[in-house]
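The values are calculated or read from the model by the stated rules, or taken from the named source; none is laboratory data. Computed from a prediction, not measured in an experiment: that's the story for all the values here. Cβ coordinates were reconstructed from backbone atoms using ideal geometry, including for glycine residues, and neighbour counts include every protein chain displayed. Heads up: the accessible areas ignore ligands, DNA and RNA and are worked out on the full protein's heavy atoms, side chains in. Shrake-Rupley method; radii C 1.70, N 1.55, O 1.52, S 1.80 Å.
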Amino acid sequence: MADSTSGPGAAAEPPRRVVLGVSGGIAAYKAAELLRRLTESGHDVTVVPTEAALRFVGEPTWAALSHNPVATDVWTAAEQVPHVRLGRQADLVVVAPATADLLAKAAHGMADDLLTNTLLTARCPVLFAPAMHTEMWQHPATVANVATLRGRGAVVLDPASGRLTGSDTGQGRLPEPAEIARLAELLLRRPDALPGDLAGRRVLITAGGTREALDPVRFLGNRSSGRQGFELAAVAAARGARVTLVAANVELPGPAGSELIPVGSAEELRTATHAAAKDADVVVMTAAVADFRPAAPAEFKIKKTDAVPASIELTGNPDILAELVQARSAGRLGVAVIVGFAAETGDRHADVLSHGRAKLARKGCDLLVVNAVSEGRAFGREDNAAVILAADGSETDIPLGPKSVLAAALCDAITALLPG
Ligand code: CTP
């Protein structure tokens, strides 16, 4: 499947200069996949591996995948002053994996190799994707170094959780290369897209599409892929939020730094959402929740030999978004910002935006993201166009582009509504 970092749209963009710093961790091999994605997007990538990184993945791999000479030290081609040139010319520096040692050096302004020199001379956005063992990530020294770097405006992603190098599991895995590539692309399009303005905020996002059982193996479902919600989770986490992601039937890896709660039906999504909303500052309902469910799902699989059901009786599902708004109005919920999504088609009564405005008023949420879904737009795609409607009547038009760009614009709108 194509993604936002490749495809016909990307070719028209002017090539951007990206420095990919690779420090010495086992996840260096995953940086090869990141590099492939960056070059396929048409970017001019120079790889700067540390000496330790070259022990994991050799120079020919970086040279072949980047189509550029590999810059390894400050002494080679000294007449070009590489320790200053690379950083000065870069539109973006991405360090993946960023080891505890590399983060420490960057936080303290050390410059004992080409990558650390480049980090000191770069004036463009810098994105660190850390990978290390959990103990190292949680060590007070690393915590302080990460805080220092974030305080200076660098984007330091949280590592993902899961299997680590040995048989151990925990937080410390490199975020998915596809996710790093999408965030890199976002920073190239909008260098100010990932400020730390959601630091300490708890953001609850629902994503995907619910499935309502007809019998133990069949369901009524919808075409939502969950991509927009997952993209929003990645962007909100990169802006510092503590993200809980209630995901209904989404076959995507959970974004780094977010807690994933998988659910199936609307009722399960409702229970998980109400529980997590209790201590959330922001709730964003991107999930496509079934409005109806079979009234009496069969206990056992319906067999071909059974009589063909003349009809399927349906019953209504509660409107979770409306319930959240009501709970807040009644003073039972302290959520500051509630956001709905509406996938609309125009019809003979009204156009997409009129339907959206009416829905915003009906649901009583603070923001409603409206996108047009005719002709297969939005579902399962990597790009999206939308209008963000606010309860104060303002409207923000987001032209067709990567879902991360819409996610960043929505985070801007949310931040503007959060109390200081
Ligand atoms: N939503 C919800 N609970 C439902 C249905 C929808 O919380 N039972 C939320 C969705 O997550 C979304 C918003 O409400 O954020 C709008 O969903 P949509 O299906 O467009 O709204 P409906 O009220 O179902 O309107 P329509 O008649 O257009 O389907």
Suppose only helical runs count, i.e. DSSP H with n ≥ 4. What mean residue ellipticity at 222 nm does that imply for the chain under -39500 (n - 2.57) per run, divided by all residues and rounded to the nearest 500 deg cm²/dmol? -10000 deg cm²/dmol
For Ser329, solvent-accessible area (1.4 Å; no DNA, RNA or ligand), Å²: 100 Å²
In degrees, nearest ten, helix 177-189 long axis to first principal axis of the chain (Cα): 80 degrees
Put +1 on the Cβ of each Lys and Arg and -1 on the Cβ of each Asp and Glu in the chain; which of Ala160, Asn68, Val84 then has its Cα farthest toward the positive end of the dipole? Ala160
Whats the longest run of the chain with zero chymotrypsin sites (Phe, Trp or Tyr not before Pro) that are DSSP loop and have at most 11 other Cβ atoms within 10 Å? 76-299
In Å², rounded to a whole number, the accessible area per residue of the chain with probe 1.4 Å is 46 Å²
On C-alpha positions alone, give me the angle between the axis of helix 352-363 and the longest principal axis of the chain, in degrees, nearest 10. 70 degrees
Listed residue (Ile180, Leu194, Thr271) projecting farthest to the positive dipole end of the stretch 169-279, Cβ model: Leu194
Hull volume in cubic angstrom per residue (convex hull over the Cα atoms of the chain): 172 Å³
Using a 1.4 angstrom probe with every protein chain in place, what is the largest-first accessible-area order of Glu267, Glu231, Glu251? Glu251, Glu267, Glu231
Taking Cα atoms only, helix 403-417 is inclined relative to the longest principal axis of the chain by an angle, in degrees rounded to 10, of 80 degrees
With every protein chain kept in place and a 1.4 Å probe, the residues Thr206, Thr134, Thr315 fall, from largest accessible area down, as Thr315, Thr134, Thr206
Per the rule of 0.36 nm per residue minus the C-alpha distance, extending Thr415 to Gln138 adds in nm 96.9 nm
Can you give me the long-range amide H partners of Gly162? Hydrogens built in the peptide plane at 1.01 Å from N, cutoff under 5 Å, separation of 5 or more residues or another chain. Gly170, Gln171, Gly172, Arg173
How large, in percent, is the carbon and sulfur part of the accessible surface of the stretch 111-179 at a probe radius of 1.4 Å? 53 percent
Label zone at Phe300 (point 7 Å along Cα-to-Cβ), backbone N below 15 Å, the stretch 203-225: 215-217
Normalising by the residue count of the stretch 203-310, find the relative contact order in percent from Cα pairs under 8 Å and 6+ residues apart. 39 percent
